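Chemist: Have a look at this one.
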Amino acid sequence: MAQLKILVTGAKGRMGQAVIHSVESDADCAVGATVDMGDSLDEALSKCDAVIDFTSHHFSNELVAACVKNRKPFVMGTTGHTAEELETIREASKTLPVVLAPNFSVGVNTLFWLTRQAVRILGEPFDLEVVEMHHRMKTDSPSGTARRLVEILCEETDVSYETDTRHGRKGDVGARTKKEIGVHALRGGDVVGDHTVVFANVGERVELTHKASSRDTFSNGAVRAAKWLVSQPAGIYDMQDVLGLK
Ligand code: NAD
């Protein structure tokens, strides 16, 4: 079978480098082209079957338009999208298969599953908080993974992500309300990605933690997603679909 030729965007970045390594380590795939700031997308896309993108959400509208024009499915690993940018991705998924995932690691996707089970079992008496830590260069906050964890908690409780989440606390903010979900972003050093979901009640506390120590866990997952994606019909998928967890 012919190798799947992948366009790696953000090729000079931390994740781009990890993706190139993962693609080159997989006998079924090859790097068809790479782009970074200022490179032509159309020419690179013409050499490839699919795209793996870990860049910046500011680049997404341009990339998505080029993928639609050239009819190339894409794996969107970039996080921090605005509602308008997410809508552009959803619109593209009407004509192309797309994987959009805040985290491509198998461990984090297990954490997503465990978080849903835990909140269902522990229920309303438990206060819910999410803490994440990433390296000092990360620009968006909270992380896409922390946001997804909070969304799962919201989906299982009568809570809105838009109005009930509290991003950090400062000053005389008053006692914690029953509904609020605290979200806290730590930044420093070279931390690849730590996430903890805290379920706290009077007298006991449960914490679910995932720690990534290598970007390969994300890039290997993204390559797995690209290989899966090219045989899917148009639609928007996440890593739970790729892993068959739904
Ligand atoms: P990085 O800053 O190291 O790399 C980003 C690269 O994208 C840079 O080389 C930059 O030049 C390039 N880039 C930016 N704008 C561009 C444009 N307009 N055209 C072409 N190239 C452009 O960042 P990183 O640590 O590799 O992270 C990249 C993204 O991936 C972030 O959004 C991060 O949150 C996300 N991420 C997602 C996962 C996941 O599993 N989904 C895991 C890790 C990181």
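The values are calculated or read from the model by the stated rules, or taken from the named source; none is laboratory data. Model, not experiment: these values are computed from the prediction. No Cβ is skipped: glycine too gets one built from the backbone with ideal geometry, and neighbour counts run over all protein chains shown. Side chains are part of the model used for accessible areas, which takes the heavy atoms of the whole protein and leaves out ligands, DNA and RNA. Shrake-Rupley method; radii C 1.70, N 1.55, O 1.52, S 1.80 Å.
Chemist: Restricting the first residue to segment 135-163 and requiring it to be closer than 11 Å to residue 197 by Cα and more than 16 Å from the ligand (Cβ to nearest atom), which pairs with a second residue that is part of a loop (DSSP other than H, G, I, E, B) and hydrophobic (A, V, I, L, M, F, W, C) meet a Cβ separation below 8 Å and a spacing of at least six or different chains?
Modeler: As it stands, the answer is 153/159, since those pairs meet every condition given.
Chemist: Can you say whether residue 112 is of a type outside the set (A, V, I, L, M), under 22 Å from residue 195 (Cβ atoms) and either more than 8 Å from the ligand (Cβ to nearest atom) or in contact with a His (Cβ under 9 Å, 6 or more places away or on another chain) (or both), as far as the supplied structure shows?
Modeler: yes
Chemist: Also, quick follow-up: Just checking, which of 35, 31 is open to solvent by 40 Å² or more (accessible area, probe 1.4 Å) and either of a type in the set (A, V, I, L, M) or not assigned by TED's automatic domain parsing to the domain that holds residue 63 (or both)?
Modeler: None of the other options fit; the residue is 31.
Chemist: Which residues, taken from segment 83-99, are open to solvent by 40 Å² or more (accessible area, probe 1.4 Å) and touching a Gly at 6+ places or on another chain (Cβ under 9 Å)?
Modeler: 94, the sole residue that qualifies.
Chemist: Another question, if that's okay. Given 148, 136, which one is crowded, with 20+ Cβ neighbours inside 10 Å and of a type in the set (Lys, Arg)?
Modeler: Exactly one residue qualifies, and that residue is 148.
Chemist: Residues that are under 17 Å from the mean Cα position of the chain (by Cα) and more than 30 Å from residue 66 (Cα to Cα): which helices (runs of 4 or more DSSP H) entirely in segment 93-200 hold 3 or more of them?
Modeler: In segment 93-200, 106-122, 144-156 are the helices (runs of 4 or more DSSP H) which contain 3 or more residues that are under 17 Å from the mean Cα position of the chain (by Cα) and more than 30 Å from residue 66 (Cα to Cα).
Chemist: Looking only at segment 54-71, count how many residues are open to solvent by less than 40 Å² (accessible area, probe 1.4 Å) and either touching a Leu at 6+ places or on another chain (Cβ under 6 Å) or of a type in the set (Phe, Trp, Tyr) (or both).
Modeler: Total satisfying the criteria: 2.
Chemist: Still on this structure, please answer the following. Which of the numbered conditions does residue 215 fail, given that it passes all the others? Conditions: (1) out of contact with any strand residue (DSSP E or B) (no Cβ under 7 Å at 6 or more places or on another chain); (2) open to solvent by less than 40 Å² (accessible area, probe 1.4 Å).
Modeler: (2)
Chemist: A follow-up question, please. Exactly one condition in (1) within 14 Å of the ligand (Cβ to nearest atom); (2) in contact (Cβ under 8 Å) with a residue 12 or more places away in the chain; (3) open to solvent by 20 Å² or more (accessible area, probe 1.4 Å) is not met by residue 46; state its number.
Modeler: Evaluating residue 46 over (1) within 14 Å of the ligand (Cβ to nearest atom); (2) in contact (Cβ under 8 Å) with a residue 12 or more places away in the chain; (3) open to solvent by 20 Å² or more (accessible area, probe 1.4 Å) leaves (1) as the failure.
Chemist: Going through 107, 77 one at a time, which residue ends up being over 20 Å from residue 182 (Cβ atoms), modelled with pLDDT under 95, within 16 Å of the ligand (Cβ to nearest atom) and not aliphatic (A, V, I, L, M)?
Modeler: Answer to the selection: 107.
Chemist: Are any residues in segment 12-40 within 8 Å of the ligand (Cβ to nearest atom), within 16 Å of residue 72 (Cβ to Cβ) and touching a helix residue (DSSP H, G or I) at 6+ places or on another chain (Cβ under 8 Å), and if so, which ones?
Modeler: The answer is 35, and nothing else.
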